[in-house]
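Some notes on the structure that comes next.
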Amino acid sequence: MNWGSGRRFASLTETGLRQLLPIAVCVSVAATGCASGGATAGNNTARPAASPTLASNTPTAAVGATVTPSAPASGPTAARLLVLADGVEGGVGLWTCTGGDWAATEPIPGATALARDGDALTFAIGGSLASRLVSSPGVAGTAWSPKWVKEPLGGSIVGLDRSDSGATAIVVSASDSLTFAVVGKDGATSELFPAPSSPFGPSVAWLDSDRLALISVDAEQIPRLAVVDSVKQTIELLSGLGGVRVFALSPDRQTLAVATESAVYVASAGDWLANKVPAPIANLKPSQVVWDPALSADGSLLAVLSGTEDAGGIVTDIHEIGYVRDGSSWAVAFDSAAPFSRALGQVWLD
């Protein structure tokens, strides 16, 4: 299993854009056994690879346009999903998805990442950070720029999350590598230490005011959930599940969703930290890839982007799939064709 070169989980570092595709910030794996963590790797040099190839979806270019899904949406939820993607006035902007129905709402030129913290949305725009209200995502709010102790890192911010204390974790993609850093409330910025070992993607989330969840590899180059304590300066790899490609934490920081090459899992953050592995809520088909998961505020809704990869590595049939929790089980709430060709982040508004 060669983590440094495969075709499926490609990097976005050459374009500086987040999650253009399947399990999008990861390096490819075309082997079996990864979901259980039982496989070993033969390449100790892990790095993001080249950007993947997506088939064109012919997105809509008009703000406020409504896009009818190719398949009728169904499901019990009318909650709104906010997606940062292309196809809005010919560039990057915001789409809403309500029960599978799409509408383009607002262009945000230069945006490369999106996260939600409570009632606030945080965007990465041109190397700076900007905060907007969840209730009015189209209205510009406060903006600030990272102040680097050393010279500023080149590249794009491709992942971020803001803590309750006001610090923002960012992931910068440049020179075919990823750098994790923390931006304080005053803008002072320092690289995260200890840094993840050979990270495969910009998934990052604050578990509390000190600890960050991210992805790192073990001694056998298997990607796992990891916890970095930014105060104690320690890193712990969680042993419960191997083959982690991407994850998302709910805004209340209580629920965590994880995707491997073969399945999607959801459990409480406490269970993951205790190395407990839940039963999957969805098993993926051999040719199916998913990326950019998003959990609702209370962890009861999950959305993932999904596509079908052919033998040549081309991903087609891009869909947004929504899941709803009913007690201890999960069901598909909607499955809707996406009106864009690439997505840079998504969060639930409701």
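No value in this document is a laboratory result; all are computed from the given coordinates. This one's a predicted model, so the numbers in the text were calculated from it and none came from an experiment. Here the Cβ is made from the backbone with ideal geometry for all residues, glycine too, and neighbour counts use every protein chain on show.
Listed by chain and number, the lysines placed with their C-alpha closer than 25 angstrom to that of LYS147 are LYS185, LYS232; residues fewer than eight positions away on the same chain are left out. The HN-Hα couplings worked out from phi for the range 231-241 by the Karplus form 6.51 cos²θ - 1.76 cosθ + 1.60 (θ = phi - 60°) are 8, 6, 6, 10, 10, 10, 8, 7, 8, x, 9 Hz, whole numbers, x standing for Gly and Pro.
Count Lys and Arg as plus one, Asp and Glu as minus one, and take only other residues whose Cβ is under 11 Å from that of SER336; the net charge is then -3. Taken over the Cα atoms of the range 226-318, the convex hull encloses 112 Å³ per residue. Taking label points 7 Å from Cα along the Cα-to-Cβ direction, VAL332 and ALA188 give a separation of 5.1 nm.
Under 5 Å from the amide H of ARG342 lie the amide H atoms of ASP86, each residue being 5 or more positions distant or on a separate chain, with H modelled from the backbone and absent for Pro and chain starts.
Note on GLU106, GLU236: ascending count of other Cβ atoms within 10 Å places them as GLU236, GLU106, the fewest first.
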